[in-house]
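Colleague: Below is a structure I'd like to ask you about.
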2 protein chains.
Amino acid sequence: MPKRVDHAERRTEIAEALVRVAGRRGLHAVGMRDVAAEAGVSLRLVQYYFETKEKLLLYGLEHLAGKFGERLATRVRAAGDGPGPRATVEALLMTALPTDEESRTFHHLYTSYAVLAVTDRTLAAQPFIRNPDAAEGVLAAVLRQAQAADLLRPGVDAHLAAAGLLAMSAGLGTSVLVGQRSPESAAAVLEDQLNRVFRAADAGG
Amino acid sequence: MPKRVDHAERRTEIAEALVRVAGRRGLHAVGMRDVAAEAGVSLRLVQYYFETKEKLLLYGLEHLAGKFGERLATRVRAAGDGPGPRATVEALLMTALPTDEESRTFHHLYTSYAVLAVTDRTLAAQPFIRNPDAAEGVLAAVLRQAQAADLLRPGVDAHLAAAGLLAMSAGLGTSVLVGQRSPESAAAVLEDQLNRVFRAADAGG
DNA sequence: ACGGAGATGATACGGATGTACCATCAAGGG
DNA sequence: CCCTTGATGGTACATCCGTATCATCTCCGT
């Protein structure tokens, strides 16, 4: 047998090249040749590891979602050791905002994929349903927990509030992405919303 | 002179053809030939009235935003004659949800344009900034008015609340668009949020 | 009525794109 | 040792897209 190569690793490298170049020039403008150049391999190689462009895009989306999920989980875990549920929720929502370049790219590409998914049923079957639903479940659980600790304002429905927060965060993210709103302003809107869901702080640091 | 044609009208027809076909197959998949076929004219004609594709897209965006603005204004005006500020706000936000085919198309294409605007500065200079800011202003004004009439919960910042509502509505719209959430569920989330902003109803019908 | 300008049609062109095909290289097992 | 098989490279091919070019038709002013 010849030189043995770790396919999974190679696919990851290429997928990350896709993400980089798509983040720079837009997903609509990226071709296999661009991905190959960005990854420093030949066009043939991209074909070799992903037979078709559709499969490349699919894998790229998966990879992107995975990376972001990790990032989010890390931040939430870090905040989880902290003051309380509100901090956790804040960490979750603020991380979802496109502040640095990495999260900007995520928002940009995720929105691009979402737009494609509207007309492409192969893409529509992908994690657009699963991931945000999972996030909503997690957030709702945290809110219910906070509710049990009497940290929420009366009459709050955890599930509805969670959905609302996530939707607001996503909407704000888009605004920030297109330059319509500053990250700080978006954070302020989110903060204001959290004040509508959580009781007024008393023992907070 | 030969047959004189109303250029503005013709441009509108072609722009609407663009919107239709892009709504069906996605903006990324639409070419000048598709627009021409949809409008029932020759490719040359599309070139004649819009010299370049970029100009066609620009005009299409303008037209789309204009149409939707009208639709929104109509619904809001209709609600304005009704019970009160909350009904107005509800009309505004519910209209922004992609319920029927027209608003679905609007959301789909507007998001597509937004994605393009991230990397295309010519597109970014377009009404992405102006329109939503205007909507935010209008909504904030209505909320301030409601606040003056003591219809809001205490401590509500009209401007922040307006921004939040709009962002939430946009986020929910995207969810509905990609099939992640039903229009009814989105409406419920919005309703819940309005209950957090407005006082509990008392004199409502 | 006729000339000219505006409106429209047909089609060519250069470039880019996704994919397919053919060749080559490298390593490990018989 | 060499032959198989996986990993590459190079490149051709068909297609599509936006744009440009050339030609034609139509109708109004004079």
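The values are calculated or read from the model by the stated rules, or taken from the named source; none is laboratory data. Just so we're clear, the structure is a prediction, and the values are computed from it rather than from any experiment. Cβ coordinates were reconstructed from backbone atoms using ideal geometry, including for glycine residues, and neighbour counts include every protein chain displayed.
Colleague: Looking at segment A:133-171, which of its residues are assigned to a helix (DSSP H, G or I), of a type outside the set (A, V, I, L, M, F, W, C) and either over 14 Å from the mean Cα position of the chain (by Cα) or within 9 Å of chain B (Cβ to nearest Cβ) (or both)? Spell out the reasoning first.
Modeller: If we filter segment A:133-171 for residues that are assigned to a helix (DSSP H, G or I), which is where we start, we get A:133-148, A:158-171.
Okay, now just the ones that are also of a type outside the set (A, V, I, L, M, F, W, C), so A:133, A:136-137, A:144-145, A:147, A:159, A:164, A:169, A:171.
Within segment A:133-171, A:Asp133, A:Gly137, A:Arg144, A:Gln145, A:Gln147, A:His159, A:Gly164, A:Ser169, A:Gly171 meet the criteria.
Colleague: Given the conditions (1) farther than 30 Å from B:Gly23 by Cβ; (2) modelled with pLDDT under 95; (3) not β-branched (Val, Ile, Thr), and given that A:Leu123 satisfies all but one, which numbered condition is not satisfied?
Modeller: Evaluating A:Leu123 over (1) farther than 30 Å from B:Gly23 by Cβ; (2) modelled with pLDDT under 95; (3) not β-branched (Val, Ile, Thr) leaves (1) as the failure.
Colleague: Also, I was wondering about something else. Collect the residues in segment B:65-84 that are over 18 Å from B:Ala134 (Cβ atoms) and touching a residue at least 24 places away in the same chain (Cβ under 8 Å), keeping them in residue-number order.
Modeller: B:Pro83, B:Gly84
Colleague: What's the number of the condition B:Leu61 fails, among (1) closer than 20 Å to A:Val115 by Cβ; (2) within 13 Å of DNA strand D (Cβ to nearest atom)?
Modeller: The number of the failed condition is (2).
Colleague: Quick test of your reading of the structure: B:Pro83 fulfils all but one of (1) in contact with a helix residue (DSSP H, G or I) (Cβ under 6 Å, 6 or more places away or on another chain); (2) away from every other protein chain (no Cβ under 13 Å); (3) not aliphatic (A, V, I, L, M). Name the failing condition by number.
Modeller: (1)
Colleague: Sort through A:Thr95, A:Thr52, A:Thr12 and tell me the only one that's of a type in the set (S, T, N, Q), touching a Lys or Arg at 6+ places or on another chain (Cβ under 8 Å) and closer than 30 Å to B:Ala114 by Cβ.
Modeller: On the way: A:Thr52 fails: touching a Lys or Arg at 6+ places or on another chain (Cβ under 8 Å); A:Thr12 fails: touching a Lys or Arg at 6+ places or on another chain (Cβ under 8 Å).
Answer to the selection: A:Thr95.
Colleague: Same structure, new question: When you scan segment A:65-87, do you find a residue that is of a type in the set (A, V, I, L, M, F, W, C), within 16 Å of the chain's Cα centre (by Cα), at pLDDT 95 or above and not assigned by TED's automatic domain parsing to the domain that holds A:Ala8, even just one?
Modeller: First, the residues of segment A:65-87 that are of a type in the set (A, V, I, L, M, F, W, C): A:65, A:68, A:72-73, A:76, A:78-79, A:87.
Filter again for within 16 Å of the chain's Cα centre (by Cα), leaving A:65, A:68, A:72-73, A:76.
If we keep only those that are at pLDDT 95 or above too, we end up with none.
Scanning segment A:65-87, I find no residue that is of a type in the set (A, V, I, L, M, F, W, C), within 16 Å of the chain's Cα centre (by Cα), at pLDDT 95 or above and not assigned by TED's automatic domain parsing to the domain that holds A:Ala8, so the answer is no.
Colleague: Has segment B:101-112 got any residue that is farther than 16 Å from B:Arg71 by Cβ and part of a helix (DSSP H, G or I)? First the steps, then the outcome.
Modeller: Step one: filter segment B:101-112 for residues farther than 16 Å from B:Arg71 by Cβ, giving B:111-112.
Of the ones still in play, those that are also part of a helix (DSSP H, G or I) are B:111-112.
Scanning segment B:101-112 turns up at least one residue that is farther than 16 Å from B:Arg71 by Cβ and part of a helix (DSSP H, G or I).
Colleague: Identify, from the list A:Val35, A:Val19, A:Val5, A:Val41, the residue that is buried (at least 17 other Cβ atoms within 10 Å of the Cβ) and part of a loop (DSSP other than H, G, I, E, B). Give the steps one after another, and end with the answer.
Modeller: Numbers: A:Val35 fails: part of a loop (DSSP other than H, G, I, E, B); A:Val19 fails: part of a loop (DSSP other than H, G, I, E, B); A:Val5 fails: buried (at least 17 other Cβ atoms within 10 Å of the Cβ).
Result of the check over A:Val35, A:Val19, A:Val5, A:Val41: A:Val41.
Colleague: Next question. Select from segment A:1-50 the residues that are among the acidic types (Asp, Glu) and more than 14 Å from every other protein chain (Cβ to nearest Cβ) and write down the one among them that is farthest from B:Val30 (Cα to Cα).
Modeller: Kept after step one, since they are among the acidic types (Asp, Glu), are these residues of segment A:1-50: A:6, A:9, A:13, A:16, A:34, A:38.
Next cut, more than 14 Å from every other protein chain (Cβ to nearest Cβ) only: A:6, A:9, A:13, A:16, A:38.
Values: A:Asp6: 39, A:Glu9: 36, A:Glu13: 31, A:Glu16: 28, A:Glu38: 27 Å.
Among residues in segment A:1-50 that are among the acidic types (Asp, Glu) and more than 14 Å from every other protein chain (Cβ to nearest Cβ), the one farthest from B:Val30 (Cα to Cα) is A:Asp6.
Colleague: So, one more: Taking segment A:117-132 only, how many residues are in a helix (DSSP H, G or I), more than 7 Å from every other protein chain (Cβ to nearest Cβ) and not hydroxyl-bearing (Ser, Thr, Tyr)? Before the answer, list the steps.
Modeller: Of all residues in segment A:117-132, those in a helix (DSSP H, G or I) come to A:117-119, A:121-124, A:130-132.
Retained after the next criterion (residues that are more than 7 Å from every other protein chain (Cβ to nearest Cβ)): A:121-123, A:130-131.
Those left that are additionally not hydroxyl-bearing (Ser, Thr, Tyr): A:121, A:123, A:130-131.
So the count comes out to 4.
Colleague: Give me the residue from segment B:172-186 that is under 18 Å from B:Arg196 (Cα atoms) and either in contact (Cβ under 8 Å) with a residue 24 or more places away in the chain or of a type outside the set (S, T, N, Q) (or both) and, out of that set, nearest to the other protein chains (Cβ to nearest Cβ).
Modeller: Here the answer is B:Leu172.
Colleague: A:Phe68 is checked against (1) within 11 Å of DNA strand C (Cβ to nearest atom); (2) surrounded by 14 or more Cβ atoms within 10 Å (Cβ to Cβ) and fails just one. What number does that condition carry?
Modeller: With (1) within 11 Å of DNA strand C (Cβ to nearest atom); (2) surrounded by 14 or more Cβ atoms within 10 Å (Cβ to Cβ) applied to A:Phe68, the lone miss is (1).
Colleague: Okay, next question. Which of the numbered conditions does A:Asp34 fail, given that it passes all the others? Conditions: (1) without any contact (Cβ under 8 Å) to a residue 24 or more places away in the chain; (2) more than 8 Å from DNA strand C (Cβ to nearest atom).
Modeller: Evaluating A:Asp34 over (1) without any contact (Cβ under 8 Å) to a residue 24 or more places away in the chain; (2) more than 8 Å from DNA strand C (Cβ to nearest atom) leaves (2) as the failure.
Colleague: Let me ask something else. Only residues that are touching a residue at least 40 places away in the same chain (Cβ under 8 Å), among the aliphatic types (A, V, I, L, M) and either assigned by TED's automatic domain parsing to the domain that holds B:Ala17 or touching a helix residue (DSSP H, G or I) at 6+ places or on another chain (Cβ under 6 Å) (or both): list them for segment B:91-115, please.
Modeller: The answer is B:Leu92, B:Leu93, B:Ala96, B:Leu97, B:Leu109.
Colleague: Look through B:Arg75, B:Arg71 and report the one residue that is away from chain A (no Cβ under 14 Å), assigned to a helix (DSSP H, G or I), in contact with a Phe, Trp or Tyr (Cβ under 9 Å, 6 or more places away or on another chain) and more than 16 Å from DNA strand D (Cβ to nearest atom). First the steps, then the outcome.
Modeller: Details: B:Arg75 fails: in contact with a Phe, Trp or Tyr (Cβ under 9 Å, 6 or more places away or on another chain).
Within the list B:Arg75, B:Arg71, the selection yields B:Arg71.
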